[in-house]
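Worksheet: one structure, shown below.
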Amino acid sequence: MDRFFHSVTLDKDKCKGCTNCIKRCPTEAIRVRGGKAVIMSERCIDCSVCIRVCPYHAKKARPDPIESIEKFKYKIALPAPTLYGQFNNLDDIDTVLTGLKKIGFDHVFEVSRGAEIISEATRRVMSEGKIPKPVISSACPAVVRLIRVRFPDLCENVLPLKAPMETAAIMAKREAHEQTGLPLSDIGVFFITPCAAKVTDIKMPIGIEHSAVDGAIAISDIYPALVGAMNKLDGHTESLSHSGIIGVGWAGIGGESAALLNEQYLAADGIENVIKVLEELEDERLSELDFIELNACPGGCVGGVFTVENPYVARARIQKLRKYLPVSCNHLSGEAIPPQLKWTSELEFAPVLNLADNVVEAMERMTQAQGIAESLPGLDCGSCGAPSCRALAEDIVLGQAKESDCIFKMRERIQSIANQLTEIEGYVPHPSISPKEGDSQ
C-alpha cells in the first residue's frame, strides 16, 4: 500500500485548472501546475471539500466495490445511521436492515449499536478527568487528521476512543464467530459509508494499528439495489434493529454531544466552521466547555459525499424516525472501559506543513519565505496555482515554484523589459540613407 492512501482522487482528464479547489482546501494540499490540479498526498485529510466545489467533477472518492464482499464466506453489513435518512416515508429501521440481507449480506450489525457503547465510554472517560478539557470528539477522521496536521497543541484533547464503526465491527465479528464457528478470516465486515474519510480511515487508521473493518461501500453505490430489495419486502421484515435514540442520533451534528447528557458542549459542522472552533480553542477561548463535537461534513454524517439525499432532509427524517425508538439498547458491562474500545497509540503531530525537518533550516526557509511573501501583491488570487501568496512563497523556497508564476510579478517584469527596450531604442542611431544615383550633389 502507498505511504499515504487517500480515497479522494483526481481525474486529470476532467480537470480544467480552474483553482476553485486550491482556495477551499483546509490544509492547502492542492496546487495547479501545468494547467492541472495536483493533490499533495502528505497534506490531504480526505475532507471531500474539493469534491464538493469542483464544477467539472474532476475530484472523486473511491470506495470499495460491492463485489468485494464475495471474498468472504460470511458477510456482515455495518450500516451507518445516516443510511436511514435516505428513504422517504421510512417508519421501521428493520425494513432497511432486512433489505441489506436480501442483496447479499448474511448478517447486519448497526453502527448505532457501537455508537451507544462509545457514548457510555465517553461519559466514563470524561468523569475520570484525565484528558484536558474541552475534550474533542475523535469520531470524524477528517477532523482528527486536520488536528494532527494544523493544530498539534490540541492533540492531547482528542478523545482516545475508537469510532463507533470500529466498535461495531469488533462486536459483529465476535458475535458472528461465536454463532457460526467460522474463523475471523472468513468473516467480512463492510461499512455502508456516507463519507470518503472513513474509507481512508479503514485503510490507514489513526490511533490503532489495523482496522477491524474489511471494506467501505458507498451509500450511493448500494442505494439502487437496496431500494429494489426493500420494495419487494411487502412488510415481511426480520427483527434486526437493536439500537435506540442515542445511537441513531449520531447521524446528525449534535447527536454525539446530546448522548453525553452534559449541557457544556459545542457542536460544529462544515470544515470552515470546524477550523474556526479549533482556532478559538487553540487561543484558549473555549475553556468553559467540557466537550466539542466536530464534523467536517455539513450537517454531520448526513452531509457526506456518498449520500443521495439532501443532508437537511435526511436529518429531519432521522429525527422523525427516532421518536419510535427506545433511548438506548446497548451498554457497557462492568465499571472499567474495555481495552478494545481504546486507541492503542497516542495522536501525534504530523509535521507535513514544515519547510524542513531540521529546525534551523526550517527557520531560515521561513525567513526567506516571509521576505518573498512581502514582495508579492498579497491578493491571494490563486492565479499562480497556489492558494495564497504566502503558500506561493513557501513553494518558491522549496523549489516547487518560481516568482514569475505570479501574474502580477510577471506583468511587472514584462513592463520592465518593455521600458528597457524603449530606452534602448532612443540610443540607437537611425540608419543613414545613401543618396540615389544621379541625384545632384
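General observations
- Any hit, the stretch 108-121, residues being surrounded by fewer than 21 Cβ atoms within 10 Å (Cβ to Cβ) and assigned to a loop (DSSP other than H, G, I, E, B): no
- When residues of the stretch 165-212 are limited to those that are part of a helix (DSSP H, G or I) and small (Gly, Ala, Ser), the one surrounded by the most Cβ atoms within 10 Å (Cβ to Cβ): Ala168
- Conditions (1) assigned to a helix (DSSP H, G or I); (2) of a type in the set (A, V, I, L, M, F, W, C); (3) in the same structural domain as Thr122 (by TED's automatic domain parsing): number failed by Ala393: (3)
- Every condition in (1) in contact (Cβ under 8 Å) with a residue 60 or more places away in the chain; (2) of a type in the set (Lys, Arg); (3) over 30 Å from Asn20 (Cβ atoms) holds for Lys320 except the one numbered (1).
- Across the stretch 258-278, the qualifying residues are those that are assigned to a helix (DSSP H, G or I) and touching a residue at least 60 places away in the same chain (Cβ under 8 Å), and the one among them that is farthest from the chain's Cα centre (by Cα) is Leu278.
- Hits in the stretch 255-294 - residues which are surrounded by fewer than 21 Cβ atoms within 10 Å (Cβ to Cβ), touching a strand residue (DSSP E or B) at 6+ places or on another chain (Cβ under 9 Å), at pLDDT 95 or above and of a type outside the set (A, V, I, L, M, F, W, C): Tyr265, Gly270, Asn273, Lys276, Asp290
- Neighbours by Cβ (under 6 Å, 6+ apart or cross-chain): first from the stretch 297-308, hydroxyl-bearing (Ser, Thr, Tyr); second not in a loop (DSSP other than H, G, I, E, B): Thr307/Ile219
- Boolean, Leu100 is within 16 Å of Ala218 (Cβ to Cβ), in the same structural domain as Gly181 (by TED's automatic domain parsing), of a type outside the set (Val, Ile, Thr) and assigned to a strand (DSSP E or B): no
- Single residue of the stretch 27-65 satisfying the filter (β-branched (Val, Ile, Thr) and surrounded by fewer than 24 Cβ atoms within 10 Å (Cβ to Cβ)) that is farthest from Ala386 (Cα to Cα): Ile51
- Residue tally, condition in contact with a helix residue (DSSP H, G or I) (Cβ under 6 Å, 6 or more places away or on another chain), small (Gly, Ala, Ser) and at pLDDT below 90, over the stretch 328-381: 2
- Tally of residues being under 29 Å from the mean Cα position of the chain (by Cα) and over 17 Å from Tyr223 (Cα atoms) across the stretch 186-203: 10
- Qualifying residue in the stretch 71-92 (condition: surrounded by fewer than 23 Cβ atoms within 10 Å (Cβ to Cβ), free of Cβ contacts under 8 Å to residues at least 40 places away in the same chain and either under 28 Å from Asp269 (Cα atoms) or not assigned by TED's automatic domain parsing to the domain that holds Leu226 (or both)): yes
- Scanning the stretch 234-254 for residues that are surrounded by 15 or more Cβ atoms within 10 Å (Cβ to Cβ), in a loop (DSSP other than H, G, I, E, B) and not small (Gly, Ala, Ser) yields Thr237, Leu240, His242, Ile253.
The values are calculated or read from the model by the stated rules, or taken from the named source; none is laboratory data. In this text the structure is predicted, and so the values were computed from the model without any measurement. No Cβ is skipped: glycine too gets one built from the backbone with ideal geometry, and neighbour counts run over all protein chains shown.
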